[in-house]
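This report concerns only the one structure given below.
The values are calculated or read from the model by the stated rules, or taken from the named source; none is laboratory data. The model shown is predicted, which means the values in this text are computed figures rather than measured ones. Counting neighbours? That spans all protein chains shown, and the Cβs are built from the backbone with ideal geometry, glycine included.
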Amino acid sequence: MCLDRGLFSGYTAGPFYDEMFSSQGAARSHYARLLEKLGGMAPSQFEERRKLADLSFLLQGITFTVYSDGRGTERLFPFDLIPRILPQSEWAHIEAGLTQRVVALNLFLQDVYGKQQILKDRKIPSSLVYSCRHFRREMMGLEVPHGIYTHVCGIDLVRDSSTGEFYVLEDNVRTPSGISYVLENRLVMTRAFPEAFHEHEVLPVAHYPSELSRILRMLSPRGESESQIVLLTPGIHNSAYFEHSFLAQQMGIELVEGSDLIVDGVVVYMKTIYGLKRVDVIYRRVDDDFLDPLCFRSDSMLGVPGLMGAYRAGNVALANTPGNGVADDKAIYAFVPTLIKYYLGEDPVLRSVETYLCDRSDHLSHVLTNLPKLVVKSVGESGGYGMLMGPSAARAEIEAFRERIMSEPRNYIAQPIVPLSVVPSYDSAAQCMAGRHVDLRPYCLYDGQKVTIVPGGLTRVALQPGSLVVNSSQGGGSKDTWVLRGEC
Amino acid sequence: MNRYHLLHATEFLYDGPVYESYNEVRLRPIHDDRQSCLSFRLTTLPNSRVSSYKDGYGNWIHVSNILPHHRRLRFEAESVVLVHEAPAPEPGGMQLRDLDAKRADLYEEHFDWVAPSAYVPYLPELAEISKSAEDSCDGTVAGFVQATSDTIHRNFVYMKGATHVHSSVRDSLTLRAGVCQDFAHLLLGVVRMRGLPARYVSGYLVSGSAGPGAKQEEVIGGQASHAWAEVFLPGQGWVGFDPTLGNPIELRHIRVAYGRDYGDVPPVRGVYKGRAGQSLSVDVRFRPALDDSGHEQFAETSAEPEESEGHPQERPQQHSQQQ
């Protein structure tokens, strides 16, 4: 394929692994058909489709909220029209790796809140588990419905340019968000490029809400036929409020806030204009801390007092289970390969990024001397908050982080910078294609027997030239992710 | 006499109507090989159905939800307890200089009882107390803990009202004063910093007139709700120390709950709706249950009602300090 004209003229893959082009500059086979189509397009035609897509997002109100800029601004989630394509063989490998990981994390949670065999066997330091901010002593010895903790997981993957392999970057097993963008991106993409879907066999993603709703119904303590399911949201100021309302509507369940629910005795009810209605299952998108002021933070206004009592009595099911944060703690992450080996007797299918635990003195000294080369993360945070990107950080920022790490080493881990792969993305300012770094967050649903993963997931893209931070809260955008039925 | 009939009443009075009151109560005495809880009953006013569960530390928690409007909330916990002889520190035992080799293991096995907690942070002032106790003790671990308890007893003034329910050791170290809650926290802080596991004990001290051969004036503050600490002595196990009383644990110490600090085991903790100030009174009465000759003796310890500031917020909290 010659890149001398049209949309891709002047495009160079650069030093990173390019998802679309091989190192010789030829399109990879699973991208060939798309490139043929797009390559023939004039920039003006492409621009037209792009505007159509943007308008579609705007009209549907698909937004998120950024906290850190002090304005609480609601923004459109930038969407890039060039899809991220995965051939079947690569996806099968990812799927096997994620399935293994979700099952192992669930077994770990059962164990640490139960018999703690893994701690007794000294495979993980018990101090590491107990010192985790999200380890909930309130969950100890509590039997959870069907033994499921990790109903919904969003596991972040990256492709390392130096090896071309996928690595797990972090696990999100508390209240991962982003699935609504996966579904909406696909919808918008089929409108903007209907013909592309004739030419490719792209595996569907639209069954996610029905699969999630099946699992939620299954959890009902009164049986599936009599199940009142609700989605509990912190409210309109939450960054993922759009997703909460979207999923509730897609699943045909009620969207409620804490003040819509009340616990009487040990049963949860929803306040309706017809009186109180018993609630059986809560898909909660409120953090543990705010879930029940009686059990957790007493100053919470978002939660439902007495909720944990009803949960403990088995009268209501919660998804995800409280206390999951101990499994996606970024220091525990370093032990996930150990967990997989311990619980499943298998070697991990997907590799993990080398991780330095700052509360180990040998690791700490390495971290402190190599700060400008490393990425430092706060163990309990997510969404790209509380992070230091050594190579791009100012000197003062590095020194400030050094202080923070030394005063609270358990709270930080460090990793080498992973040179993320790139996908050509449209730079609207320069009106040309340019390689931009991407990650991939697939969404895994677990019903206690089987892990279901909608093919693909959310490909997040760092739209700033050279940036490696893909989080939407840090100015990232997204792409539609295609998993092909075959290899091309 | 080591068999007691206990009546613990906690009453909240509000100066306006409140509603949707959710409460956790930790008042059921521990039942184990050193103490038998022969019966326990919790009643509430207004009436409510009480449910219960055991937490991760083995404490019994009773939960009561009261939805209708009310201006007065009363919990009455009634129990019969048989107290057995508590283990005293055994003579000899591990030498303090051998403790350092065990520190890493103790930290892994008893993390919650060694790590700093919300009310008991590690502070340099605690290390000073540790140093002086270490210099004055007989060189054994047990001796060190006893010396620490004695040092705290001697150098801090028992003073009601000096601290409040949410005071940490920081406050009592500044004031050199506090109540039993603070004395227990100080002991926890010192021995934990030295590497020893230690836990907060919430309980009762039966007054002298009801206890066996004890003098009335030993009941400090006149209130029976009490707190002390248990320390894990390697080679022996958990042994109680009472830095407030300055005496060994006796048959009049009744254990109710274990926690990292007071924050884990408040006797009554709750949230409610309504914009009203609250006042709290606690009243604990003991009566020896039938003695060996079949006679009942009566003795009462009645608490002074304690005023606490009202918190006019949407979901105020209720708490009572341990004396």
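Listing for the model above:
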| read-out | value |
| --- | --- |
| Inter-residue pairs, beta-carbon under 6 Å, first without any contact (Cβ under 8 Å) to a residue 12 or more places away in the chain and more than 10 Å from every other protein chain (Cβ to nearest Cβ) and in region A:283-303, second of a type in the set (A, V, I, L, M, F, W, C) and surrounded by fewer than 23 Cβ atoms within 10 Å (Cβ to Cβ), 6+ apart | A:Asp289/A:Phe296 |
| Looking only at region A:120-134, and only at residues there that are in contact (Cβ under 8 Å) with a residue 60 or more places away in the chain and within 16 Å of B:Pro116 (Cα to Cα), the one that is farthest from the other protein chains (Cβ to nearest Cβ) | A:Arg133 |
| Pick from region A:253-289, criterion touching a helix residue (DSSP H, G or I) at 6+ places or on another chain (Cβ under 8 Å) and closer than 18 Å to A:Glu138 by Cα, ranking: surrounded by the fewest Cβ atoms within 10 Å (Cβ to Cβ) | A:Val266 |
| Condition broken by A:Glu211, with the remaining ones in (1) within 26 Å of A:Lys51 (Cβ to Cβ); (2) surrounded by fewer than 20 Cβ atoms within 10 Å (Cβ to Cβ); (3) of a type outside the set (Phe, Trp, Tyr); (4) within 19 Å of the chain's Cα centre (by Cα) satisfied | (1) |
| Residue in region A:147-154 that is more than 14 Å from chain B (Cβ to nearest Cβ), in a loop (DSSP other than H, G, I, E, B) and either of a type in the set (Ser, Thr, Tyr) or on the phi > 0 side of the Ramachandran plot (or both) present | yes |
| Residue list for region A:153-164, restricted to those being of a type in the set (A, V, I, L, M) and surrounded by fewer than 22 Cβ atoms within 10 Å (Cβ to Cβ) | A:Leu157 |
| Subset of region A:362-378 (residues that are hydroxyl-bearing (Ser, Thr, Tyr) and surrounded by fewer than 17 Cβ atoms within 10 Å (Cβ to Cβ)) | A:Ser365, A:Thr369 |
| Unmet criterion (only one of (1) crowded, with 23+ Cβ neighbours inside 10 Å; (2) within 14 Å of another protein chain (Cβ to nearest Cβ); (3) assigned to a helix (DSSP H, G or I)) for A:Pro322 | (3) |
| Some residue of region B:149-165 being surrounded by 19 or more Cβ atoms within 10 Å (Cβ to Cβ), modelled with pLDDT under 95 and of a type in the set (Val, Ile, Thr) | yes |
| Strands (runs of 3 or more DSSP E) contained entirely in region B:1-89, each with at least 2 residues that are within 14 Å of chain A (Cβ to nearest Cβ), of a type outside the set (A, V, I, L, M, F, W, C) and in contact with a helix residue (DSSP H, G or I) (Cβ under 8 Å, 6 or more places away or on another chain) | B:50-54 |
| The lone exception for A:Phe296 - which of (1) out of contact with any strand residue (DSSP E or B) (no Cβ under 7 Å at 6 or more places or on another chain); (2) of a type in the set (A, V, I, L, M, F, W, C); (3) modelled with pLDDT of 95 or more; (4) closer than 23 Å to A:Arg137 by Cα it fails | (3) |
| Of residues in region A:235-249 being surrounded by fewer than 19 Cβ atoms within 10 Å (Cβ to Cβ) and within 21 Å of A:Arg214 (Cβ to Cβ), the one nearest to the other protein chains (Cβ to nearest Cβ) | A:Ser245 |
| Top-ranked residue in region A:250-275 [being more than 11 Å from every other protein chain (Cβ to nearest Cβ) and aliphatic (A, V, I, L, M); ranked as nearest to the chain's Cα centre (by Cα)] | A:Met251 |
| Boolean, A:Ala317 is crowded, with 21+ Cβ neighbours inside 10 Å and either over 26 Å from the mean Cα position of the chain (by Cα) or closer than 30 Å to A:Met270 by Cβ (or both) | yes |
| Residues of region B:111-135 satisfying the condition of being within 14 Å of chain A (Cβ to nearest Cβ) and closer than 21 Å to B:Gln181 by Cβ | B:Asp112, B:Trp113, B:Val114, B:Ala115, B:Pro116, B:Ser117, B:Ala118, B:Pro121, B:Tyr122 |
| Test: residue in region A:454-470 that is aliphatic (A, V, I, L, M), surrounded by 24 or more Cβ atoms within 10 Å (Cβ to Cβ) and in contact with a Pro (Cβ under 6 Å, 6 or more places away or on another chain) | no |
| Tabulated pairs, region A:247-265, first farther than 23 Å from A:Met301 by Cα, second among the charged types (D, E, K, R), C-beta under 8 angstrom, 6+ apart or interchain | none |
| Pick from region A:379-425, criterion buried (at least 18 other Cβ atoms within 10 Å of the Cβ) and among the polar types (S, T, N, Q), ranking: farthest from A:Gly477 (Cα to Cα) | A:Asn411 |
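Here is a yes/no grid of residues against (1) away from chain A (no Cβ under 14 Å); (2) in contact with a Ser or Thr (Cβ under 7 Å, 6 or more places away or on another chain); (3) under 22 Å from B:Pro234 (Cα atoms); (4) of a type in the set (S, T, N, Q):
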| site | (1), (2), (3), (4) |
| --- | --- |
| B:Gly93 | yes, yes, yes, no |
| B:Ser149 | yes, no, yes, yes |
| B:Gly161 | yes, no, no, no |
| B:Ala184 | yes, no, yes, no |
| B:Leu188 | yes, no, yes, no |
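To keep it simple, each residue is scored yes or no on (1) of a type in the set (Ser, Thr, Tyr); (2) in contact (Cβ under 8 Å) with a residue 12 or more places away in the chain; (3) out of contact with any helix residue (DSSP H, G or I) (no Cβ under 9 Å at 6 or more places or on another chain); (4) part of a strand (DSSP E or B).
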site: B:Leu106; (1), (2), (3), (4): no, yes, no, no
site: B:Glu125; (1), (2), (3), (4): no, yes, no, no
site: B:Ser130; (1), (2), (3), (4): yes, yes, no, no
site: B:Asp138; (1), (2), (3), (4): no, no, no, no
site: B:Gln146; (1), (2), (3), (4): no, yes, no, no
site: B:His166; (1), (2), (3), (4): no, yes, no, no
site: B:Phe183; (1), (2), (3), (4): no, yes, no, no
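Each row is one residue, and each column tells you yes or no for (1) closer than 28 Å to A:Leu187 by Cα; (2) modelled with pLDDT under 90; (3) touching a strand residue (DSSP E or B) at 6+ places or on another chain (Cβ under 6 Å); (4) part of a helix (DSSP H, G or I).
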site	(1), (2), (3), (4)
A:Ala13	no, yes, yes, no
A:Ala32	yes, no, no, yes
A:Met41	yes, yes, no, no
A:Ile82	yes, no, yes, no
A:Trp91	yes, no, yes, yes
A:Val103	no, no, no, yes
